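*Asks:* Following this message is one structure expressed as structure tokens.
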């Protein structure tokens, strides 16, 4: 409803992982380049970051970039026992009738990878929310998948994506047989204030905006209140646009952002927000 008011053709801070909105600052550009390298080299890769840091959006962009040469399998809920995990991998990679036993499933997956290779194609498996993998046995199946190779090349690229606790978990010596196989490892860090300014401008431009809608004070408060986490930025920026619209404002100022941060539980505990200030009266945009 607020798009017309702000002269936008789309919602700039929607929560869906639309690759059009991917903001490639130095950190995200490096992350994407490293993931692309891992896929091209058919390596095992690890991508970690806090909740809402943009990991899923990065993997969607990765899949778009690799093109149709790759058979892509996406596991979005890896909270699975080993056999069920392998069965899901088999289905995702195009095995028509996955077997029941783990050995049969591994054989079927291997056969599928060989068939793809014969067609001059390759396989990419992305395991999202990998911190939810229930135990070492499932990780061991992932390690076994990396054994599928020919003399001069691997047959599958695997990207594990998760929260920082996944990295901590994999540091345990029990996982060293797996971690020694990582060709790429990258951790996403939150946006800086400058990145936050550029991030807001980028998303507004993609949505059809032709002017800056957030004042410098608003940008500072957005960054402080969200810690530079993109998902929180999207949420608070959307609510701030609505708040400023309700005030009849022609830009989003610090007061509108402060009002959202004060009232919104999504960012509770991140910062001490200032008291809510009186805004413009509700109604038409101020001239």
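The values are calculated or read from the model by the stated rules, or taken from the named source; none is laboratory data. Note that the structure is predicted; figures quoted are calculated from it, not measured. Counting neighbours? That spans all protein chains shown, and the Cβs are built from the backbone with ideal geometry, glycine included.
*Asks:* Can you tell me which residues in the stretch 91-110 are over 17 Å from residue 81 (Cα atoms) and at pLDDT below 95?
*Replies:* Residues satisfying the conditions are 96, 97.
*Asks:* Still on this model: Quick one: in the stretch 210-231, which of the residues that are more than 16 Å from residue 193 (Cβ to Cβ) and over 24 Å from the mean Cα position of the chain (by Cα) is modelled with the highest pLDDT?
*Replies:* Checking each candidate, the answer is 213.
*Asks:* Give the residues of the stretch 98-152 that are assigned to a loop (DSSP other than H, G, I, E, B), surrounded by 13 or more Cβ atoms within 10 Å (Cβ to Cβ) and touching a residue at least 40 places away in the same chain (Cβ under 8 Å), sorted by residue number.
*Replies:* 121, 128, 129, 133, 134, 146 - these are the residues of the stretch 98-152 that are assigned to a loop (DSSP other than H, G, I, E, B), surrounded by 13 or more Cβ atoms within 10 Å (Cβ to Cβ) and touching a residue at least 40 places away in the same chain (Cβ under 8 Å).
*Asks:* Please work out which residue is surrounded by the most Cβ atoms within 10 Å (Cβ to Cβ), limiting yourself to the stretch 4-22 and to residues that are part of a helix (DSSP H, G or I) and touching a helix residue (DSSP H, G or I) at 6+ places or on another chain (Cβ under 9 Å).
*Replies:* Of everything passing the filter in the stretch 4-22, 21 is surrounded by the most Cβ atoms within 10 Å (Cβ to Cβ).
*Asks:* Let me ask another. Can you report the number of residues in the stretch 137-172 which are closer than 21 Å to residue 107 by Cα and either outside the structural domain of residue 46 (by TED's automatic domain parsing) or out of contact with any strand residue (DSSP E or B) (no Cβ under 7 Å at 6 or more places or on another chain) (or both)?
*Replies:* 14
*Asks:* I'm trying to understand the selection: among the residues of the stretch 47-96, which are more than 17 Å from the chain's Cα centre (by Cα) and in a strand (DSSP E or B)?
*Replies:* Once the filter is applied, which keeps residues that are more than 17 Å from the chain's Cα centre (by Cα) and in a strand (DSSP E or B), the stretch 47-96 yields 70, 71.
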